Structure formats: structure tokens, C-alpha cells
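The structure under discussion appears below in the form of C-alpha cells.
The values are calculated or read from the model by the stated rules, or taken from the named source; none is laboratory data. Since the model is a prediction, treat every value here as computed from it, not as a measurement. When we count neighbours, we look across all protein chains shown, and the Cβ atoms used for this are built from the backbone with ideal geometry, even at glycine.
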């Protein structure tokens with residue numbers, strides 16, 4: 001495997017993602033990185049995000065609210081996604097991890113990753129819209 005050349009821009013992208021828990025879009029990453037590197041293009045940010053995701057250094061969450069979202073956290077975990085505002089939060093659950101272990105025992109291949117998204121309304125949207133919580 002070829003050694004990847006160091007890039008200050010790529011490192012800045014990784015540092016920005018590591019400082020965030022809101023799973024930003026490429027456009028948000030671009031807005032931040034452009035402050036330090038005014039000549040960087042959105043295409044360069046997209047290519048670096050894609051490369052980092054392909055290398056497993058960040059996670060690509062897919063399109064949420066019309067924007068591709070990214071996560072610096074690469075360990076297996078779930079996400080809560082607000083159906084109203086599109087907010088994305090990490091969602092840890094022992095029962096989800098237990099289900100993954102159970103699935104691994106009953107599967108003859110090797111499971112290396114999983115994606116679980118839980119949808120609903122975040123606290124802020126519930127308060128703004130007076131959405132009743134259903135327990």
C-alpha cells in the first residue's frame with residue numbers, strides 16, 4: 001500500500017471533525033477550513049473527507065437532511081436523528097451492542113461494523129413545537 005502524503009488541509013479537516021459532536025456536513029467543514037486556507041475549494045474538502053472515510057479515519061454517515069454528514073468517531077455506535085431539524089447525536093446503547101454480539105454468534109461470516117439510526121424529535125424541537133412525548 002502506498003504511503004499517503006501529509007496534507008495540512010487534511011489534518012485541519014480531521015482536527016475540526018474531532019472537535020465536534022454534531023456530525024457536520026462537508027459544507028460546514030469547508031466553511032471552517034476556509035478560514036485557515038482561503039484558497040481551498042469545496043471539491044478539495046469533499047475529496048479529503050471521502051479519502052479519510054475510505055481509510056477508516058472518519059465515518060461517513062450518509063445523507064441526512066439533504067447533506068452528507070461526517071463523524072470523527074469511528075467506533076461502532078448508533079445515531080439519533082431529529083426528524084424536524086436534522087440534528088444528529090451519538091446514541092450509545094448496550095442492547096444494540098448486545099444485539100450485534102448475538103448476530104455475530106448466529107452468523108457464519110464476520111461482522112465488522114454496523115449502522116443504527118434512531119429517529120424522533122430532539123428536546124429543542126419538542127419544546128419549540130410542543131410535541132407531546134409518547135412513552
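Does the stretch 63-81 include one or more residues that are assigned to a helix (DSSP H, G or I) and in the same structural domain as residue 121 (by TED's automatic domain parsing)? It would help to see each step written out before you state the result.
At the first step, the residues of the stretch 63-81 found to be assigned to a helix (DSSP H, G or I) are none.
No, the conditions are met nowhere in the stretch 63-81.
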Considering only residues that are on the phi < 0 side of the Ramachandran plot, in contact (Cβ under 8 Å) with a residue 12 or more places away in the chain, out of contact with any helix residue (DSSP H, G or I) (no Cβ under 7 Å at 6 or more places or on another chain) and surrounded by fewer than 17 Cβ atoms within 10 Å (Cβ to Cβ), which ones fall in the stretch 28-56?
51, 55
Given the conditions (1) within 26 Å of residue 124 (Cα to Cα); (2) under 11 Å from the mean Cα position of the chain (by Cα); (3) modelled with pLDDT under 95, and given that residue 74 satisfies all but one, which numbered condition is not satisfied?
(1)
By residue number, the members of the stretch 86-115 that are part of a loop (DSSP other than H, G, I, E, B) and either exposed (fewer than 14 other Cβ atoms within 10 Å of the Cβ) or more than 17 Å from the chain's Cα centre (by Cα) (or both) are 92, 93, 106, 107, 108, 109, 110, 111, 112, 113, 115
